[in-house]
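Values in this text are rule-based calculations from the coordinates and carry no lab data. Because the structure is predicted, anything quoted here is derived from the model rather than measured. Positions of Cβ are generated from backbone atoms using ideal geometry, with glycine treated the same way; all protein chains shown enter the neighbour counts.
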Amino acid sequence: MSLTVHGLRPAGVESDFITAENLTAGYRDKIVWRDANFTFGRGELVVVIGPNAAGKTTLFRIMLGLQQPIGGTIKIFGAPPRRGNPKIGYVPQRHVIDSETNIEALELVRLALSGRQWGFNPFSHNDRDAALAALEAVDAMDVAHRPLGVLSGGELQRIFLAEALVSNPEILLLDEPLSNLDMRRETDLLHLVDDVVRSRGITALLIAHNINPLLPHLDKVVYVASGKVATGKPSEVLTSESLTALYGIQVEVLRDPHGNVAIIGLEEHHGDV
Amino acid sequence: MWSYQFMQHAFEAGTMIAVIAGVTGYFVVLRRSAFTAHAFSEMGFAGAAGAVLLAGGLLGENAPIVGLLLGSTTGGLAIAALARRATNRDTQVGIVLAFTLGLGLLFIRLYPAYATEAYSILFGQILGVSINQVLLTLVASVVILSTVAVVYRPLLFASLDEDVAEAKGMPILFLGTVFMLLVAVSVSFAVQVTGVLLIFSLMVTPAATAQYLARRPQRAIIISVAISLLATWVGLFVAFYTIYPVSFFITAIVFALYLLVRLLHQRTTWGRASSVKVGGEGVDKRNG
């Protein structure tokens, strides 16, 4: 009997971590974007780009169950999103931690694992071992005992990544982890995210401003602009033809000899070439 | 000194209050809610003045503490309802605070013996606590400490990283309200020692000092409690042999400790910062 149950499981479930059909996001009086269709499988690195306030974070909020879609369907592991899904790790976009915060980084990562538990157990160290392993995985052991308030932007992003990884998620949502990083730290962090995602088979969605440094790493791109969402391989999505067809206005995608991309016509600010 | 019953009561109540103020004070400092804590004490002032005026005959010596609890917990719930998230609460707190303080002024002015009553609420009356008040403080301490023990880890995480805590499905609004009530009750009792105006000396300064001395919350809380205990005991002891008020000595002791620790901390972090910089460059070179 149990064999039959296993056999009944649809083939798509294991490979499709996230699927959306005609997903529409917004509020009662305003649609942010409509009719998004995408499928993300295990181990895919997906980059979400688009102008400011186009609704990139809204997509994350829907996946986290913090906001309800106003149309269409979205399924995560075959079920609608729900708040507190332990299979999702989340790094929100945030401002610098208060420099007065003198709590060591390790404590934050520990709490990401044990913070949901009520009660008080001063002698439990399970979360400590897991937190140290997560810090090791993001190469942040050297700052484990330093206060959060004195860490640099790149160090903090590693700590936040460890905070998200400590509960062994299968999906990782990273909201602008590269902002406030200089180019070298950006490259370092991208390699780290790439390594972690590939080695653990995690599906990662990463919101970014500039797609170019990410092109060597990503599997799919989600382009959110002007109320619409385009998804697919960058070579398919980021072309003048497909974006012009999607938006119904003339959109130019320029490429330089190094493969860098600039999208003209939908964003005021680009200059990525 | 111990032959005087009022000194025994003062030490008993003072010790318990120092412990709860040291513990909840840590969360006040962590959540940057010092202004809220101060607002609670002034809302409590309105409550205390109102209770003394309107129900003084009924409640007797317990009128101030009952009024304090009512005033500060009502204020706490109002603020929790008005401002959903911990940040940017200052405006709402200030608006509620100004109104209640005005109300307190009216109540105290209407009360015949208003000068003495106002003075003891504003600056503390630890040398005047009765055995009943000591027992009431004991009950409150047990309630506060057990509540903190239950919500400890969720509250700590929600205070450090509210966005991630919310995404993890933790009850942010509930935790925020529990925190407000914990502070409101702790403040109401701490007012007996320090008075409304000097509430920071037990609810904020010890925890702020402890934050410099420990990077782990549990240790910081222990140090915070130790500092408020030390200040309360030494304050009571010195005040007994001099003619000066207890609250003054407590504020002076915690302030002196804060200054000392802050100075030492600055010197050590400057030293550490320069050495870390050198180490950091070495690591970067290896990676490159």
Can you figure out the FRET efficiency of B:Thr15 with A:Ile70, using R₀ = 45 Å and their beta-carbon distance, to the nearest 0.05?
0.20
Using just the helices of chain A, give the 222 nm mean residue ellipticity in deg cm²/dmol: DSSP H runs with n ≥ 4 each add -39,500 (n - 2.57), and the total is spread over all residues, rounded to 500.
-9000 deg cm²/dmol
Name the most mobile residue of B:Arg109, B:Arg153, B:Arg32, meaning the one with the largest mean-square fluctuation, in a Gaussian network model of chain B with Cα contacts below 10 Å.
B:Arg153
Fewest first, what order do B:Ile131, A:Ile159 take by the number of other Cβ atoms within 10 Å?
B:Ile131, A:Ile159
Could you give the dipole magnitude of segment A:84-149 about its Cα centre, charging the beta-carbon of Lys and Arg +1 and that of Asp and Glu -1, in debye to the nearest 20?
320 debye
Evaluate peptide B:22-30: per residue, the Cβ atoms of other protein chains within 10 Å of its Cβ; return the mean as an integer.
1
Full-stretch length increase - A:Ala133, A:Arg184 - with 0.36 nm per residue and alpha-carbon distance subtracted:
15.9 nm
For segment A:62-174, the dipole about the Cα centre with charges only on Cβ (Lys and Arg +1, Asp and Glu -1), to the nearest 20 debye, works out at 640 debye
Would you mind giving the mean number of other chain beta-carbons within 10 Å of the Cβ of each residue in B:210-218, as a whole number?
4
Please name whichever of B:Ser201, A:His258, A:Ala130 sits farthest to the positive end of the charge dipole of the protein assembly as shown, dipole taken about the Cα centre and charges placed at Cβ: Lys and Arg +1, Asp and Glu -1.
B:Ser201
Exposure proxy order (Cβ contacts within 10 Å, fewest to most) of B:Met170, B:Met180
B:Met170, B:Met180
Enter the mean number of other protein chain beta carbons within 10 Å of the beta carbon of each residue in A:79-87, as an integer.
2
Summing -39500 (n - 2.57) over every DSSP H run of at least 4 in chain B, dividing by its residue total and rounding to the nearest 500, the 222 nm mean residue ellipticity is -29000 deg cm²/dmol
Under a 5 Å amide H to amide H cut-off, with H placed in plane at 1.01 Å, what residues pair with B:Val196 once short-range neighbours are removed?
B:Leu122, B:Phe123, B:Gly124
Applying 1/(1 + (r/R0)^6) with R0 = 30 Å to the Cβ-Cβ distance of A:Asp35 and A:Arg200, what FRET efficiency is obtained, to the nearest 0.05?
0.40
Pop a pseudo-label 7 angstrom from the Cα along the beta-carbon direction at both A:Arg255 and A:Met141 and give the gap in nm to one decimal.
4.2 nm
Contour excess over end-to-end distance, with Cα ends at B:Thr91 and B:Met1 and 0.36 nm allotted per residue:
27.8 nm
Listed residues A:Pro51, A:Pro216, A:Pro257; largest mean-square fluctuation, Gaussian network over chain A with Cα springs below 10 Å, found at A:Pro257
Around A:Ala25, what is the net charge, scoring Lys/Arg as +1 and Asp/Glu as -1 over all other residues with Cβ under 14 Å from its Cβ?
+3
Treating only Lys and Arg (+1) and Asp and Glu (-1) as charged, each at its beta carbon, one finds that chain A has a dipole about its Cα centre, in Debye to the nearest 20, of 1000 debye
Fully extended, how many nm does the chain gain between B:Ala256 and B:Leu54 (0.36 nm per residue separation, minus their Cα-Cα distance)?
68.7 nm
Could you pull out every residue, at least 5 positions away or on a different chain, whose amide H is within less than 5 Å of the one on A:Ile202? Hs are placed 1.01 Å off N in the peptide plane, and Pro or chain starts have none.
A:Gly43
If amide H atoms are built 1.01 Å from N in the plane of the peptide, which residues on other chains or at least 5 residues away come under 5 Å of the amide H of A:Val222?
A:Val47, A:Val48, A:Ile49
